[in-house]
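Only one structure is covered here, and it is reproduced in the block below.
Values quoted throughout were computed directly from the atomic coordinates according to the rules given, and no laboratory measurement underlies them. Here the structure is a predicted model, which is why all the values come from computation and not from measurement. Counting neighbours? That spans all protein chains shown, and the Cβs are built from the backbone with ideal geometry, glycine included.
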Amino acid sequence: SMGDEVPLPVLVTGETGTGKQLVARALHFGSRRNTGPFVELNCAALPDQLVESELFGHERGAFTDAKERKIGLFEAADGGTLFLDEVGELPFTTQAKLLKTLESQTIRKLGSVREQKVSVRVVAATNRDLRDMIKAGTFRSDLYFRLQMLELHVPPLRQRSSDILLLAEHFLKTKS
């Protein structure tokens, strides 16, 4: 069954605007998880202190503003795919928790003692050079090696001009 296998994460690399989100959607809808949810988080769009609550959820009273229990995105994506855009922007402490979740397929809500099983494929995208970030000490090498086991590089459109007509036709069809 799907619940027993630990889904291999995918790292999608490429410049901003190359369609990494489309690749993530294609990976989800073309997989056996396509009936499950597709959930996304832009890691750059949140202040550091909110990222963990967003990913893992929290119990009521876990911190000052935690008025009620919150379901995190890992739980929301259970049985499906979690797309982490701009994964290079994750705070260093959150990177460790993400690695643990990828390895164990369990999460722990902030303020909880209980571990909870989830079955989530993580598709992570970045326009940064994570190897440079590792050298600079801002990205964990163990998380990088876990993510890059399956790496897809999306070249910019200027390197694949034959796609331009196909894309134009596609957008003309979907917009009309």
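Once you keep just the Cα pairs under 8 angstrom separated by 6 or more residues, what percentage relative contact order results for the range 25-142? Walk me through the numbers on the way to the answer.
Values: 201 pairs, mean separation 33.1, N = 118.
With pairs under 8 Å counted, the relative contact order is 28 percent.
List the lysines whose Cα lies under 29 Å from the Cα of LYS100, skipping any in the same chain that are fewer than 8 positions away.
Straight-distance partners of LYS100: LYS20, LYS67, LYS70, LYS109, LYS117, LYS135.
Which net charge results for the neighbourhood of GLN95, defined as the other residues with beta-carbon distances under 12 angstrom from its beta-carbon, given Lys and Arg at +1 and Asp and Glu at -1? Could the numbers behind the result be given before it?
Working: positive: LYS97, LYS100, ARG140, ARG146; negative: ASP48, GLU52, GLU89, ASP142.
Charge balance near GLN95 sits at 0.
Once the Cα atoms of helix 162-175 and of the chain are each reduced to a long axis, what angle between those two axes, in degrees from 0 to 90 to the nearest 10, is obtained?
70
When a/c is below 1.5 the answer is rounded, else prolate if a/b is larger than b/c, else oblate, so apply that to the chain with a ≥ b ≥ c taken from the square roots of the Cα gyration tensor eigenvalues.
Values: a/c = 1.82, a/b = 1.53, b/c = 1.19.
It comes out prolate by the Cα gyration axes.
Kindly rank 30-43, 159-172 from highest to lowest mean number of other beta carbons found within 10 Å of each residue.
Numbers: 30-43: 15.6, 159-172: 10.1.
The densest-packed peptide leads the list: 30-43, 159-172.
Per DSSP H run of at least 4 residues, take -39500 (n - 2.57); add these up for the chain, divide by its residues and hand me the 222 nm value, nearest 500 deg cm²/dmol. Mind showing how you got there, number by number?
Details: 7 runs with 64 residues, N = 176.
Result for the chain, helices only: -10500 deg cm²/dmol.
What size of dipole, in debye to the nearest 20, comes out for the range 102-142 about its Cα centre when the only charges are +1 on Lys and Arg C-beta atoms and -1 on Asp and Glu C-beta atoms? It would help to have the intermediate numbers written out before the result.
On the way: 9 positive and 5 negative charges, 36 e Å.
Around 180 debye, computed over the range 102-142.
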